[in-house]
Amino acid sequence: MSRAPSFDVIFAVMSAASVGDSEARVSVPDDAPHEDIPTRFAVALNLLLDDLAFRAAELDAAHKVTQMELERMVANRTRQLATVNQELEAFSYSVAHDLRAPLRAIDGFSQALQEDCAAELSADGQSYLRHVRESAQQMAQLIDDLLELSRVTRRELRRERVDLTALAQTIIDGLRRAHPERQVEVVIQDGLEAEGDRNLLSVVLDNLLGNAWKFTGKRTAARIELGCREEDGRGVHYVSDNGAGFDFRYVDKLFGVFQRLHSAHEFEGTGIGLATVQRIVRRHGGRVWAEGALDRGATFYFTLQGRNLDD
């Protein structure tokens with residue numbers, strides 16, 4: 001007759017099971033004295049460990065089924081959201097596009113009335129007409145910006161090496177031609193390059209540099225800088241200025257559509273440009289953020305990973 005398992009062996013199995021060894025069992029010979037306490041304890045322990053292993057297997061199987069079901073639900077929900085977003089984008093694009101024609105008619109006929117019938121209008125009438133034209137032109141600009149916002153989401157991303165220094169210089173040259181009366185110190189770092197869509201990155205720089213130019217409009221010694229610095233092994237591009245800045249408490253609103261931290265009377269704009277910048281940067285796998293303070297200028301940072309995260 002074989003000897004009954006010792007308590008040392010039993011305790012060793014219990015210790016192994018307690019740290020996750022699901023295969024740990026006490027070896028009990030068939031001819032062990034079953035009336036002995038160690039043998040009876042070992043058999044009971046093995047039965048308990050078998051039951052725990054069975055229940056663990058059941059729980060694991062149930063967890064896998066639940067996980068698969070959650071993954072299926074998430075995938076379905078993601079597809080539904082993508083479809084809804086596409087439909088909303090298409091609807092917004094269609095509505096904005098269709099609004100252009102009646103707005104052109106309002107502006108055109110208002111201009112004709114202003115030019116041909118000015119003598120027949122009172123001073124108040126002429127003032128009202130100017131307000132009509134200004135409102136129609138503001139709405140037209142808003143529609144153009146909405147269409148641009150829609151296009152940057154729908155447009156296919158084409159990646160290539162982009163000379164950001166050259167792009168920025170072209171944008172600044174255009175701003176100088178449009179505002180020859182302004183004296184602005186502009187510093188553009190040499191050799192700035194990135195991997196991305198040239199047209200979309202041009203929109204990013206056009207918005208950021210255009211904003212810097214606009215918000216330094218009341219500075220006699222305006223300064224704008226475009227550069228890049230390394231943080232955690234990656235390039236961080238930035239556009240800084242010494243203009244009007246913004247209240248940092250509302251920094252989270254900067255990149256929302258139609259969000260403006262300055263009134264239209266102070267600085268013109270539709271509140272869509274920075275939302276467009278954010279969408280483009282996100283499509284490139286990067287992020288955009290800002291720092292600033294009221295009347296102390298602002299700095300906008302963005303990173304580019306050179307890959308499309310649309311999926």
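The values are calculated or read from the model by the stated rules, or taken from the named source; none is laboratory data. As the structure is a computational prediction, the values presented were derived from the model and not from experiment. Cβ: placed from backbone, ideal geometry, glycine included. Neighbour counts: every protein chain shown.
Within the stretch 112-154, the residues that satisfy the criterion of being in a helix (DSSP H, G or I) and over 24 Å from residue 99 (Cβ atoms) are 115, 116, 118, 119, 120, 123, 124, 125, 126, 127. Against the condition surrounded by 10 or more Cβ atoms within 10 Å (Cβ to Cβ) and under 30 Å from residue 153 (Cβ atoms), how does residue 43 come out, does it pass? No, not satisfied. Those strands (runs of 3 or more DSSP E) of the stretch 233-311 in which 1 or more residues are at pLDDT below 90 occupy 234-241.
For the stretch 131-142, the condition holds for at least one residue, the condition being that it is surrounded by 12 or more Cβ atoms within 10 Å (Cβ to Cβ), under 26 Å from the mean Cα position of the chain (by Cα) and outside the structural domain of residue 229 (by TED's automatic domain parsing). Considered as a group, the residues in the stretch 23-40 that are under 60 Å from the mean Cα position of the chain (by Cα) and surrounded by 13 or more Cβ atoms within 10 Å (Cβ to Cβ) include one that is nearest to residue 3 (Cα to Cα), and that residue is 26. When each of 89, 71 is tested for being assigned to a helix (DSSP H, G or I) and modelled with pLDDT of 85 or more, the lone residue that passes is 71.
Contact annotation: residue pairs with Cβ atoms under 8 Å, 6 or more positions apart or on different chains, pairing a residue in the stretch 163-188 that is in contact (Cβ under 8 Å) with a residue 24 or more places away in the chain with a partner that is assigned to a loop (DSSP other than H, G, I, E, B) and exposed (fewer than 11 other Cβ atoms within 10 Å of the Cβ), are 165/190; 165/191; 185/221. Being polar (S, T, N, Q), more than 30 Å from residue 131 (Cα to Cα) and in a loop (DSSP other than H, G, I, E, B) holds for only one residue in 15, 27, and it is 27. Among the residues of the stretch 92-102, not a single one is out of contact with any strand residue (DSSP E or B) (no Cβ under 9 Å at 6 or more places or on another chain), exposed (fewer than 14 other Cβ atoms within 10 Å of the Cβ), basic (Lys, Arg) and part of a helix (DSSP H, G or I). Just one of the listed residues (8, 21, 50) is of a type in the set (D, E, K, R), part of a loop (DSSP other than H, G, I, E, B) and out of contact with any Pro (no Cβ under 8 Å at 6 or more places or on another chain), and it is 21.
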